[in-house]
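Structure first, then comments.
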Amino acid sequence: MLIWGMRVLKREVIKIGKVTIGKGFPPPIQTMWKYGLPGSGRRFVIDKINNYEKLGCGIIRFAVLDMEMIDFFRDILSSIKMPVVADIHFDYRIALKCMDAGFSKIRINPGNIGAKWKIIEVLKKAEDKNIPIRVGINGGSLPKKYRNQTDIVSAILNSAEDEIEIFEKQNFGNVIFSLKSSDVETTITVNRLFYKKYGYLLHIGLTEAGPLIPGIVKNTMALSRLLKNGIGDTIRVSLSDSSENEIITARNIIKQSIPSKKKEGLNIISCPKCSRASFDVHFFSNEIYNTFLNTEKNITIAVMGCEVNGPGESRHADIGISGSGDSVVIFKQGKIIKKIKKEKALDILKDII
């Protein structure tokens, strides 16, 4: 039994559809659907989700705006393998219907879901169907009683504690929290404090992080520091950009933040290019990255701009490419194995790899 006032018995692992999160499991990557519905069309949605999965996405979240939209999802949910989260604001009844439709998780925002009894109704049904609930608490959409609190960290934590009291009184432990801000330090601090005090599973992210480049920088600063401290059971990189770039960025943050005893997947090393180089490093590095992003090989590929930083400087790479003008060389561990014309280089390199 979970009794308010005592240490709550929380789940160390939680199932979200086919995905298991929690102690001992690497954090799956989430993204959110960014196109209109249902105007996108069934085939477009399914193909997009399948492509996200190939890129490394493990869970996808949809904003479900009304009851009519749920009917569109019924066929989608039965046609894909990826767990789907229903993102619910304002109307708790949509959450109830989404659980009947087959969504794998429900996300509610205590800042706008309404009265406590509405949350309780959602929890009762989630318990019956063994569906996890994600409580999403954002610094920009707190409950009214905390919106004017000057200490935003305390305001977020106070809101989370209100929800914990409800969940404990309902004996509901199948829950994931997310505590987000658009500020890097606030996000880090509030997640560290919550994790230390309560230990619930956490979905980590930085909300409203901005366009691609500044957004990547801010997400990396926040999420890598949390992951290195063992905080984060699922992760979402938020960018004012494509879901594909969110997924790729999250993959790289995880790769650089969580220690691994082995090389994993593709590693590209490439020079930034300078006025000395006549070899198109930018084109070749992008083409190679896009081609081999999902390779199961553990491989390091070098793309170098000229003879100064070519085979010698990247001799630790499994294979590499460099050139000058129309002449291109392909090398392994620093030793040139082929000299070819530029127009044939990419195809030949792909064949060798």
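The values are calculated or read from the model by the stated rules, or taken from the named source; none is laboratory data. All values reported here derive from a predicted model rather than from experimental measurement. Methodologically, a virtual Cβ is constructed for each residue, glycine included, from the backbone with ideal geometry; neighbour enumeration extends over all protein chains shown.
Annotation note: of L226, L239, the sole residue that is crowded, with 18+ Cβ neighbours inside 10 Å, more than 21 Å from L55 (Cβ to Cβ), touching a helix residue (DSSP H, G or I) at 6+ places or on another chain (Cβ under 7 Å) and free of Cβ contacts under 8 Å to residues at least 40 places away in the same chain is L226.
No other residue among A317, A250 is within 28 Å of the chain's Cα centre (by Cα) and surrounded by 20 or more Cβ atoms within 10 Å (Cβ to Cβ) apart from A250. Residues in the range 328-353 that are out of contact with any Phe, Trp or Tyr (no Cβ under 9 Å at 6 or more places or on another chain) and surrounded by fewer than 17 Cβ atoms within 10 Å (Cβ to Cβ): 13 in all. Filtered by the rule that a residue be of a type outside the set (V, I, T) and more than 21 Å from A63 (Cβ to Cβ), the range 130-150 gives N130, K144, K145, Y146, R147, N148, Q149.
For T300, are the conditions met, namely being at negative phi, in contact with an Asp or Glu (Cβ under 8 Å, 6 or more places away or on another chain), surrounded by 12 or more Cβ atoms within 10 Å (Cβ to Cβ) and of a type in the set (S, T, N, Q)? It is true that T300 is at negative phi, in contact with an Asp or Glu (Cβ under 8 Å, 6 or more places away or on another chain), surrounded by 12 or more Cβ atoms within 10 Å (Cβ to Cβ) and of a type in the set (S, T, N, Q). Identification of strands (runs of 3 or more DSSP E) wholly contained in the range 290-353 with 3 or more residues that are in contact with a helix residue (DSSP H, G or I) (Cβ under 6 Å, 6 or more places away or on another chain), modelled with pLDDT under 90 and not aliphatic (A, V, I, L, M) yields no element.
Are any of the residues in the range 113-134 in a loop (DSSP other than H, G, I, E, B), among the small types (G, A, S) and either surrounded by 18 or more Cβ atoms within 10 Å (Cβ to Cβ) or at positive phi (or both)? Give the derivation first.
Start the filter on the range 113-134 by keeping residues that are in a loop (DSSP other than H, G, I, E, B), which leaves 113-115, 130-132.
This time we only want the ones that are among the small types (G, A, S), so: 114-115.
Add one more test, that the residue is either surrounded by 18 or more Cβ atoms within 10 Å (Cβ to Cβ) or at positive phi (or both), and what stays is 114.
For the range 113-134, residues in a loop (DSSP other than H, G, I, E, B), among the small types (G, A, S) and either surrounded by 18 or more Cβ atoms within 10 Å (Cβ to Cβ) or at positive phi (or both): present.
If you check I247, I204, I235, I231, which single one turns out to be assigned by TED's automatic domain parsing to the domain that holds E161 and over 30 Å from F167 (Cα atoms)? So that I can check it myself, show each step before the final result.
Working: I204 fails: over 30 Å from F167 (Cα atoms); I235 fails: over 30 Å from F167 (Cα atoms); I231 fails: over 30 Å from F167 (Cα atoms).
Answer to the selection: I247.
Flag set for L201, criterion: on the phi < 0 side of the Ramachandran plot and touching a residue at least 60 places away in the same chain (Cβ under 8 Å). With a requirement of 2 or more residues that are under 22 Å from R107 (Cα atoms) and not aliphatic (A, V, I, L, M), the helices (runs of 4 or more DSSP H) lying completely within the range 178-260 that satisfy it span 184-198, 243-257.
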